[in-house]
Amino acid sequence: EAISSIVIAIIFFFSSGFGPTASGAMTPANTIALIGALLVLLAASPSHAALEVIGSGYGRTGTDTLREALNELGYNTYHMREIFNGQLISDVHLWHAQAENNCADVDALRDLFEKGGWTAAVDFPASMCYESLMKAFPDAKVIHTQRKSAEQWWDSATNSIMIVGKKFPFNIIYMTVPFFKAHKSMCDAMWSFVLGGKKVTIHDVDFPHGYKEEFISAYEANNARVKKVVPKKKLLVHDHSKGWTEICKFLGKEIPAIPYPHSNKREDFFKGVLILSLQMIFGVFAALATFLFSLKKLIGLFSRNEKSKVE
């Protein structure tokens, strides 16, 4: 991509007729052409960034609060919310594949975050691949979030992220809207990964409560493994109740002049997902209505032209 951009810029510069004069002097026209060539280079160059912060905590451990805090500190933070808001179906397919291959494709993970311009990643699905992300970005620091107890996490997760696809109208949306169908398949693969490869689907009658012991065991094992594999100097087990102090010290940032955030409370979770779902559905119908209206106008125009030819 970089080479092709350079070639395009060179062609633009010299084919414009504004190349250097015989004496080698740069005229105003030369300068304008050169600036144009440089703008071509800048526009064609992809955005690259290095992941600086990796979140290793499961969803519903305060990951959205962490997202808001990191954004306030100047990071561009990747979270499940960004996948929904941007309808990033290519990301959904990537995470589905990562869940099925045990996060083995480190290069794909590196490309996702570098090209997307993300400098921090928290929450599912990124947190399931935190060890691979550490390989992709060895200089990144890790922030781990957890509940006071596994039971507290279970209560929160089973009243939000684990059952959203089973509740009306989400169960209908997850079976009909293409993005949500793909997202549902990704979640099936993600929860199967969390359970060590045991195949589950969110539409199983027994899901999630039939797997309580296994999920709690996986949650506790993840908390323990993070503390085992992440070097101590690179790890912060963050307690949101401590506010800005410890996270800013860990990341070397100034303490903001605003209160520490507290977002995505349980009562707000379904409201947010419902609003987003309705926005997406409305967008689909609006696009379809626009297409049909345009098609009707085109057919009408064609009919009038044919009638004029006959007359």
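The values are calculated or read from the model by the stated rules, or taken from the named source; none is laboratory data. No experiment lies behind these values; they were computed from the predicted model shown. Ideal geometry is used to build each Cβ from the backbone, glycine not excepted, and the neighbour counts take in all protein chains shown. The area values use the complete protein model at the heavy-atom level, side chains included, leaving out ligands, DNA and RNA. Shrake-Rupley method; radii C 1.70, N 1.55, O 1.52, S 1.80 Å.
Key figures
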{"read-out": "Cross-link reach list, lysines versus Lys198, counting only Cα pairs under 18 Å and skipping chain neighbours closer than eight places", "value": "Lys184, Lys212"}
{"read-out": "FRET efficiency, 1/(1 + (r/R0)^6) with R0 22 Å, evaluated for Lys198 and Ala97 via beta carbons", "value": "0.75"}
{"read-out": "Residue-normalised accessible area of segment 130-179, given per residue in Å² at a 1.4 Å probe", "value": "45"}
{"read-out": "Rounded accessible area per residue of segment 186-261, 1.4 Å, Å²", "value": "57"}
{"read-out": "Extension gain, Asp206 back to Cys248 (0.36 nm per residue minus Cα-Cα distance, nm)", "value": "10.9 nm"}
{"read-out": "Spacing of the two label points (7 Å from each Cα toward its C-beta) at Ile172 and Ser303, in nm", "value": "3.4"}
{"read-out": "Under 17 Å from the Cα of Lys253 - lysines, other chains or at least 8 residues apart", "value": "Lys141, Lys233, Lys234, Lys242"}
{"read-out": "J(HN,Hα) series, segment 195-201, from Karplus relation 6.51 cos²θ - 1.76 cosθ + 1.60, nearest Hz, glycine and proline x", "value": "8, x, x, 6, 6, 9, 9"}
{"read-out": "Of all accessible heavy-atom area on segment 170-272, the percent that carbon and sulfur account for (1.4 Å)", "value": "55"}
{"read-out": "Pairwise FRET efficiency - Thr290 versus Ala50, Cβ, R0 = 41 Å, nearest 0.05", "value": "0.50"}
{"read-out": "Under Karplus coefficients 6.51, -1.76 and 1.60, residue-wise ³J(HN,Hα) of segment 105-110 in Hz, glycine/proline x", "value": "8, 5, 4, 5, 5, 4"}
{"read-out": "Size of charge dipole - segment 102-202 - debye, nearest 20, with Cβ of Lys, Arg +1 and Asp, Glu -1, no other charges", "value": "360"}
